[in-house]
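Reading through the structure tokens given below for one structure.
The values are calculated or read from the model by the stated rules, or taken from the named source; none is laboratory data. Just so we're clear, the structure is a prediction, and the values are computed from it rather than from any experiment. Counting neighbours? That spans all protein chains shown, and the Cβs are built from the backbone with ideal geometry, glycine included. Ligands, DNA and RNA are stripped out before the accessible areas are found, and what is left, the full protein with its side chains, is counted by its heavy atoms. Shrake-Rupley method; radii C 1.70, N 1.55, O 1.52, S 1.80 Å.
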Amino acid sequence: MNGQYRSAIGQDSHRFVSESDWEKQPERMLVLGGVAIPGERPLDGNSDADVVLHALTNAISGISGINILGPVADRMCQEQKITDSTAYLRVALETLGKRRLIHISISLECKHPRMAPHIPGMRERIAALTGVSTDDVGITATSGEGLTDFGRGEGIAALCVVTAFCP
């Protein structure tokens, strides 16, 4: 196989919406990795605030050199009212050209919700969105022993490393 491999890292974090704001928008859900997690306080943001897909989108931007989160996603959100982070991810994937993702690794830091029950669904959804095998999507989670705002329950942070084959 001729070609080269590139790896890139992406990061994102959001705090949870306040209890009072959640009471005003009870239909809003926590979305992680493209999966809605019912009964949990959602993250605050103009979009669905999916930190997992935002970190993945940023990592893909690290491969292509074309930033999607920021001006492109802001336009999609504000002008076209697109708040689903899968749309931002799709735009990022289009910037890869002939390059193809071969591995995705995601690490989450949060106190709640408990991530273990949601990881299989997130892996499947991310694999479906990116075209990689579920076996090539790794997701881990930690509370960080409560040393950060995320570990103390104020929000969720996500780090993502992607590897791509570049023919």
Do we find that Val31 is open to solvent by less than 10 Å² (accessible area, probe 1.4 Å) and either at pLDDT below 95 or under 27 Å from Gly144 (Cα atoms) (or both) in this structure? no
Among the candidates Ala59, Ala73, residue that is modelled with pLDDT under 95, assigned to a helix (DSSP H, G or I) and within 15 Å of the chain's Cα centre (by Cα): Ala73
Condition check: outside any strand (DSSP E or B), more than 19 Å from Ser7 (Cβ to Cβ), within 14 Å of the chain's Cα centre (by Cα) and among the β-branched types (Val, Ile, Thr). Does Ile119 satisfy that? yes
State the number of residues belonging to the range 145-167 that are outside any strand (DSSP E or B) and open to solvent by 20 Å² or more (accessible area, probe 1.4 Å). 9
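Take Thr148 and tell me if it is closer than 21 Å to Gly39 by Cα and not acidic (Asp, Glu).
Taking the combined requirement at face value, the residue does not satisfy it.
Let's see how each residue does on (1) in contact (Cβ under 8 Å) with a residue 24 or more places away in the chain; (2) more than 16 Å from Asp50 (Cα to Cα); (3) open to solvent by less than 20 Å² (accessible area, probe 1.4 Å):
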position: Glu109; (1), (2), (3): yes, no, no
position: Ala116; (1), (2), (3): yes, yes, no
position: Ile119; (1), (2), (3): no, no, no
position: Met122; (1), (2), (3): yes, no, yes
position: Leu129; (1), (2), (3): yes, no, no
position: Ser133; (1), (2), (3): no, yes, no
position: Ser143; (1), (2), (3): yes, yes, no
Looking at Ile104, Ile37, which one is closer than 21 Å to Asp149 by Cβ, open to solvent by less than 20 Å² (accessible area, probe 1.4 Å) and of a type outside the set (Gly, Ala, Ser)? Ile37
What's the number of the condition Ala92 fails, among (1) out of contact with any strand residue (DSSP E or B) (no Cβ under 8 Å at 6 or more places or on another chain); (2) modelled with pLDDT of 95 or more; (3) open to solvent by less than 50 Å² (accessible area, probe 1.4 Å); (4) under 29 Å from Arg152 (Cα atoms)? (4)
Some residue of the range 78-87 being over 26 Å from Phe165 (Cα atoms), surrounded by fewer than 17 Cβ atoms within 10 Å (Cβ to Cβ) and polar (S, T, N, Q): yes
